[in-house]
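FYI, it's all coordinate maths here, none of it is from the lab. All values reported here derive from a predicted model rather than from experimental measurement. Positions of Cβ are backbone-derived with ideal geometry, glycine not excepted, and every protein chain shown enters the neighbour counts.
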Amino acid sequence: LFQLSVPLNFIGSVYREVRLSLLDMEQMFELMDTQSTIDNPPTGTALVYDPTIMTTDISFHNVDFAYPSRLDRPILKGLSVDIPHGKTVAFVGSSGSGKSTILRLLYRFYDPTNPNTGTVSLGGHDLKDMPLDSFRKQIAIVPQDTVLFHESIGYNIHYGNWDASWDDVIEAAKRAQIHDTILSFPDGYDTVVGERGLKLSGGEKQRVAIARAILKQAPILLCDEPTSSLDTRTEQEIMNNIKSLGSDRTTIIVAHRLSTIQDCDEIIVLHQGQAVERGTHQELLELNGRYARLLKMQASSSTSVP
Ligand code: ATP
């Protein structure tokens with residue numbers, strides 16, 4: 001699976017918890033207290049994000065990728081895309097086209113399979129040249145499926161950044177529009193949540209993830225939109241929340257529902273391992289190519305559902 005040096009049954013249980021969405025990777029590493037097979041340069045130059053001297057431009061250059069367990073099945077083939085600092089960009093494409101894989105590479109859960117020619121870089125630095133934690137600190141993740149600890153809701157938000165004050169936790173909850181909901185819980189911020197505690201809805205869990213991301217104050221936000229768990233209105237609200245997190249943030253959204261990302265700065269269409277179209281919603285509509293077809297397909301499949 002991930003070629004980690006921990007017992008398989010443990011991977012199994014953690015794996016079930018986090019599912020094959022964009023894994024809540026930070027948590028995953030912490031839970032397993034281990035590293036994936038990529039090698040972490042101990043002596044590399046730490047990425048110190050200073051907005052006055054560097055940007056968070058993200059670049060995939062000529063990236064080939066296949067999962068280690070399925071090397072015969074290429075997912076990305078010479079993918080090259082640039083995502084400029086401060087933009088909100090969405091990846092779209094049919095199921096299995098590699099959208100979530102892009103986020104995994106950006107978090108360096110995996111390396112490109114052609115490490116000598118394919119690079120993923122941040123602010124002009126190859127990820128491979130930087131200690132993992134130095135650039136992961138700059139990236140906040142709103143995963144498809146947020147893992148909650150069997151702890152208080154306050155703890156679950158604070159988890160985003162233990163250096164933050166309690167006032168910051170409350171402020172983040174307010175911005176993620178979950179504060180009022182929390183106050184309505186029996187013990188407010190002390191209410192224990194999770195599978196065995198108070199069970200939160202999909203929308204509420206995603207708001208917890210957004211609050212964590214706000215608390216982390218990272219300049220890059222990766223968001224793997226849930227495939228099906230939320231109703232369209234909640235989904236739209238959450239996307240609005242994500243977009244309102246600030247224009248100085250670089251945001252990448254993996255979109256399953258095309259309706260929620262129409263006002264992104266740019267939409268990138270993945271097909272057969274490459275970026276085949278990119279532009280605004282309007283530009284791609286006018287192009288009348290793959291994006292337009294995906295939209296039509298989605299419209300017809302949602303109208304066929306009673
Ligand atoms: P969806 O819209 O269905 O979420 P996606 O475009 O996000 O799809 P990815 O999750 O990036 O697709 O997966 C791309 C392909 O790689 C899929 O066919 C998937 O089955 C496969 N894949 C994903 N993770 C692994 C893994 N750990 N090992 C082997 N294959 C994998």
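Quick rundown of the values:
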quantity	calculated
Matching residues, the stretch 93-102, being within 6 Å of the ligand (Cβ to nearest atom) and more than 9 Å from the chain's Cα centre (by Cα)	93, 95, 96, 97, 98, 99, 101
Residue within the stretch 163-174 that is crowded, with 22+ Cβ neighbours inside 10 Å and among the aromatic types (Phe, Trp, Tyr) present	no
Where residue 105 falls short, out of the listed (1) within 8 Å of the ligand (Cβ to nearest atom); (2) in a helix (DSSP H, G or I); (3) in contact (Cβ under 8 Å) with a residue 40 or more places away in the chain	(1)
Subset of the stretch 77-88 that is under 12 Å from residue 59 (Cβ atoms) and buried (at least 18 other Cβ atoms within 10 Å of the Cβ) - its residue that is farthest from the ligand (Cβ to nearest atom)	83
Some residue of the stretch 200-211 being part of a helix (DSSP H, G or I) and farther than 27 Å from residue 254 by Cβ	no
